Amino acid sequence: MIQPDYWARYLVALRNTIANDLRPHLDSDLAKDQADHAVLVLNRMITDVEIGPELARLQIPRWVQLHHELARITASGTVVAAHPAPPAASASLSELDEELTRLQQFIARRADTGLLHELAEADSKAADWFARSATAALNLLESYESRLSAAPAAALQAASVNPQQICADLSAYLRRRFPRLPPDPIDSFRVVPGGRAKRTAIFALKQNAVLPQRLVLRSDAIAGQTGTTVADEFALLTNLQQAGLPVPQPHLVERDVSVLGGTFMIVDEIENALVAGEPFAEERRLRPDKSHMGPDFGRQLAQFLALLHSVPSTAVVRGAHSPSVDRHEEVRLMYQQWQSIERPPRSIGLEFGFLWLLSHALPADRPRCLVHGDFGCHNILTRNGDLVAVLDWELAHEDDPAADFGDSKRMLLDELLPWQEFVKHYVAAGGDPRACDPDAVRYFSMWRFVKHGAMTALLRHLFLSGARDDILAAGASWHFFHRLQQYCARELADALEHRGSLRSETQARFR
């Protein structure tokens, strides 16, 4: 039998060959992005092999104890079979995963009965158990961080991209739609990394009197998980342009999916611009060369959000992404979807995030406005460190303005300037002070990580079912799921430390 340390050596050799020997010789950004994802997957595998037995020995007794404590607290009457820790020499990650799965299944059964009510009681035994369990989940997730080898972070890209075929099909389409274009009108074409449910390409046209020369193709991808379409995004961009927001100029939308395999739109390229940075702070620290945010970037973000939140919510196109007005119901429905798929290993942190959201509630009189829905530096373009455009409006909808702060505070804003200073700039630019309520921002931060974690788990489900078979989906459903769960656990620890006005609103819900 091959021992784990041998497996680790083989995996390290594969990772180093891809990262150090093969990647430098790749020509396209897309190929380099795929190599980066392969390295991310191998890093996770290496870490599991190297620290798995030690992690299991340390973690299993703690989670067995927490499981039995919850069974006693909830007085379910269910006899929970004892799951003692395995002998130190035989503990494995699979045994840890089995124990965490049993606990998640027990929580799911109790969530629809009395558990949520008990969690809403500040001084209850269940609330105390939850606080200790959340700390244990954070400890579990953070245990990996120091062992992960530095690897280039990568965006996500749709599966089965054939740039040559897309270019040929787009060229023929443009000639049909605009007969005045020259023959073979596309002068250059490249697919770029980015977007889980959308694919993006930058292309240049030959000199013509019909369209600008530098354009961007954005199209719906097969087997995406957001349920959105660029057709709605196109109409919204038109409205945002009229409101004076820095977004790409839209030119056309095509709903006939037979042309390129999905609905697509064409917009202006924002020239000489760079993506502000990687989504997660950890990846930005590993790749500082990919961070392009100047000293005034925080103030510019505050001013942009104040302007966006002043746009009438009627700018949202009917039929576009539009969450239910009842946030609790939206969370509950996503929790049902989360329970319907095979949940990733060690996903207890996300389970706790759902529990916290379901046992808390926002006041009914919160302000509402147009929000971006995925506001972060991965969707912002800069030039010389300054904000020049905000992209990817597929998740824009009418909602609480705190939703955009929840999306970005922990992942971006906190590293740019102190929160109170950010709030000062936001309010000075016309933003509503109520949008910055700490409890509401904390709620939406939790909701971001839970929601996107569940969406990434769905991507994993698509990958395991064969609907996606690319390395990019593999990297997202493993590495990025862990990152989102990690941020969720950090947010949960902060929420439990600062119990605020959400408590009374929640207790009212369960009376």
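Bear in mind these aren't lab numbers, they're just calculated from the coordinates by the rules spelled out. No experiment lies behind these values; they were computed from the predicted model shown. As a convention, Cβ positions derive from the backbone with ideal geometry for all residues, glycine included, and neighbour counts pool all protein chains shown.
Beyond a 30 Å Cα-Cα separation, which of these cross-linked pairs lie in this structure: LYS125/LYS424; LYS290/LYS409; LYS32/LYS424? Intermediate values should be presented prior to the final figure.
Numbers: LYS125/LYS424 40 Å; LYS290/LYS409 20 Å; LYS32/LYS424 41 Å.
Violating the 30 Å limit, Cα to Cα: LYS125/LYS424; LYS32/LYS424.
Only counting other Cβ atoms within 10 Å, I'd like VAL259, VAL331 sorted with the fewest neighbours first. Before the final figure, lay out the partial values.
Working: VAL259 17, VAL331 23.
Taking fewest neighbouring Cβ atoms as first place, the list is VAL259, VAL331.
Which number do you get for Rg(Cα) / (2.2 N^0.38 Å) in segment 275-510?
Values: Rg = 17.6 Å, N = 236, 2.2 N^0.38 = 17.5 Å.
Segment 275-510 yields a ratio of 1.00.
Hey, with R₀ at 51 Å, roughly what FRET efficiency would ASN272 and THR135 work out to, going by the Cβ-Cβ distance, to 0.05?
Values: r = 47 Å, r/R0 = 0.92.
The computed FRET efficiency comes out at 0.60.
Tally Lys and Arg at +1 and Asp and Glu at -1 over the other residues with C-beta under 10 Å from the C-beta of PRO182: what net charge comes out? Walk me through the numbers on the way to the answer.
Numbers: positive: ARG175, ARG180, LYS206; negative: ASP184, ASP187.
Around PRO182, the charge tally is +1.
For segment 163-273, what number results from the quotient of the Cα radius of gyration and 2.2 N^0.38 Å? Present the calculation step by step, with values, prior to reporting the outcome.
Details: Rg = 13.6 Å, N = 111, 2.2 N^0.38 = 13.2 Å.
Computed over Cα atoms of segment 163-273, the ratio equals 1.03.
Mind checking segment 198-294 for trypsin sites (Lys or Arg not before Pro) that DSSP puts in a loop (not H, G, I, E or B) and that have at most 14 other Cβ atoms within 10 Å? The partial results should precede the final answer.
On the way: sites: LYS198, ARG199, LYS206, ARG214, ARG218, ARG255, ARG284, ARG285, LYS290; in loops: LYS206, ARG255.
Here the sparse-neighbourhood loop sites are LYS206, ARG255.
What nm distance separates the two modelled labels at ALA428 and HIS328, each placed 7 Å from Cα along Cα→Cβ?
Label-label distance for ALA428 and HIS328, simple model: 4.0 nm.
Checking the a/c ratio against 1.5 first, then a/b against b/c, what shape does the Cα gyration tensor give for segment 371-511?
On the way: a/c = 2.03, a/b = 1.23, b/c = 1.65.
Oblate shape, in that a/c is at least 1.5 and b/c is the bigger or equal ratio.
Stretch GLN337-ALA467 to full length: gain in nm at 0.36 nm per residue minus the Cα-Cα span? Could the numbers behind the result be given before it?
On the way: separation 130, 0.36 × 130 = 46.80 nm, distance 1.77 nm.
Result for the pair: 45.0 nm of gain on full extension.
With θ taken as phi - 60° and the coefficients 6.51, -1.76 and 1.60, list the Karplus ³J(HN,Hα) couplings across segment 303-312 in order, rounded to whole Hz; mark glycine and proline as x.
5, 4, 5, 4, 5, 4, 6, 8, 6, x
Among VAL192, VAL441, VAL210, which comes first, second and so on when ranked by fewest other beta-carbon atoms within 10 Å?
Fewest to most other Cβ atoms nearby, the residues stand as VAL210, VAL192, VAL441.
Which FRET efficiency value, to the nearest 0.05, do you get for ARG72 and TRP419 by plugging their Cβ-Cβ distance into 1/(1 + (r/R0)^6) with R0 = 35 Å?
Details: r = 40 Å, r/R0 = 1.14.
E between ARG72 and TRP419, to the nearest 0.05, is 0.30.
When only DSSP loop residues count, what GluC sites (Glu not before Pro) in segment 215-317 have their Cβ near at most 12 other Cβ atoms within 10 Å?
Values: sites: GLU233, GLU254, GLU269, GLU271, GLU282, GLU283; in loops: GLU269, GLU271.
When the GluC sites (Glu not before Pro) of segment 215-317 are filtered for loop state and at most 12 Cβ neighbours within 10 Å, GLU271 remain.
When PHE178, PHE354, PHE405 are ordered from fewest to most other Cβ atoms inside 10 Å of their Cβ, what list results?
Final ranking by Cβ density, sparse to dense: PHE178, PHE354, PHE405.
Between ASP386 and residues 5 or more places away or on another chain, which pairs have amide H atoms under 5 Å apart, with H built 1.01 Å from N, and which residues are they?
GLY294
Running Debye on segment 309-431 with equal point scatterers at the Cα sites and no solvent, what base-10 log of I(q)/I(0) appears at q = 0.13, 0.19, 0.22 Å⁻¹?
Listed by q, the Debye log ratios stand at -0.68, -1.31, -1.47.
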